[in-house]
Amino acid sequence: RTGAGLDELKSALQAIVTASPPRPDLGRPRLPVDRVFSMTGFGTVVTGTLQDGIFRTGDEVEILPAGIRGRIRGLQTHKRKEQTAHPGSRTAINLSGVEMEQVRRGDVISLPGKYKPTQRMDVHFRMLRDASRPLLHSTQVKLFLGAAEVPARVRILGNEFIKPGEEGFIQLEMESAVVAVRGDHFIIRWPSPGETIGGGEVVDPYPA
């Protein structure tokens, strides 16, 4: 509130960023959408943090999980117009051929054919020590993945429950499709009353 220590905080954050390796370009860009809006004279704009590849002005893109096709009319990163957006950058995409109502928070913008939505995935889960109760088999939870928030049901693999402070493998059955790859991080919460109970990494986004 007083501003005390802000300069030191900024310096510490800058040191972390400088020491961090650049985000990898895996040739399969995806942007989890966290905002959607319309601008007069431009049309539909989505924003998010670009991952796993590069977007260029003019690229044809696919909006998942719906599979709607559009094209990149313009790009901005950190409020500057760019011809190319790189992994790790906060990116705004002006989409042509797509209505604002066709995109929602949690959707993923990608190149066509690079990703396939899923409604089931195997994950490694770590439960917080201070969670109020164990995670039981067939429990309903809220999954937070990328910018998506999706109801899901838990299947605990090899056990009947996971106690606070423990970890294990679970399968999540989502009510609606999401885009995920191995290694993606997620968070799980109780739906009511709301409580964050843990998180982990995706092991297999397309299990049998």
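The values are calculated or read from the model by the stated rules, or taken from the named source; none is laboratory data. No experiment lies behind these values; they were computed from the predicted model shown. With ideal geometry, Cβ positions are generated from the backbone for all residues, glycine too; neighbour counts draw on all protein chains shown. Side chains included, ligands, DNA and RNA excluded: accessible areas come from the protein's heavy atoms. Shrake-Rupley method; radii C 1.70, N 1.55, O 1.52, S 1.80 Å.
If you filter the range 16-35 down to residues that are among the aliphatic types (A, V, I, L, M) and open to solvent by 40 Å² or more (accessible area, probe 1.4 Å), you find that the one that is farthest from the chain's Cα centre (by Cα) is 19. One residue stands out in the range 122-147 among those that are of a type in the set (D, E, K, R) and touching a residue at least 40 places away in the same chain (Cβ under 8 Å): the one that is least open to solvent (accessible area, probe 1.4 Å), namely 122.
Scanning the range 37-51 for residues that are touching a residue at least 40 places away in the same chain (Cβ under 8 Å), within 15 Å of the chain's Cα centre (by Cα) and open to solvent by 10 Å² or more (accessible area, probe 1.4 Å) gives 47, 49. For the range 104-132, the set of residues classified as basic (Lys, Arg) and farther than 22 Å from residue 50 by Cβ consists of 120, 126, 129, listed by residue number.
Total residues in the range 59-97 satisfying the condition of being out of contact with any Pro (no Cβ under 8 Å at 6 or more places or on another chain), crowded, with 17+ Cβ neighbours inside 10 Å and assigned to a loop (DSSP other than H, G, I, E, B): the figure is 2.
When 151, 191, 164 are screened for being touching a Leu at 6+ places or on another chain (Cβ under 7 Å) and open to solvent by 40 Å² or more (accessible area, probe 1.4 Å), only 164 passes.
The rows are residues; the columns are (1) at negative phi; (2) touching a Gly at 6+ places or on another chain (Cβ under 9 Å).
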site: 46; (1), (2): yes, no
site: 57; (1), (2): yes, yes
site: 72; (1), (2): yes, yes
site: 80; (1), (2): yes, no
site: 95; (1), (2): yes, yes
site: 99; (1), (2): yes, yes
site: 106; (1), (2): no, yes
site: 109; (1), (2): yes, yes
site: 115; (1), (2): yes, no
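Taking the range 148-188 as the range and being at pLDDT below 95 and not in a strand (DSSP E or B) as the test, the residues that pass are 157, 158, 159, 160. Scan the range 98-128 residue by residue and report those that are closer than 22 Å to residue 81 by Cα, part of a strand (DSSP E or B) and not polar (S, T, N, Q). Result: 108, 109. When we screen 119, 102 for residues that are surrounded by fewer than 16 Cβ atoms within 10 Å (Cβ to Cβ) and either under 18 Å from residue 36 (Cβ atoms) or among the basic types (Lys, Arg) (or both), the only hit is 102.
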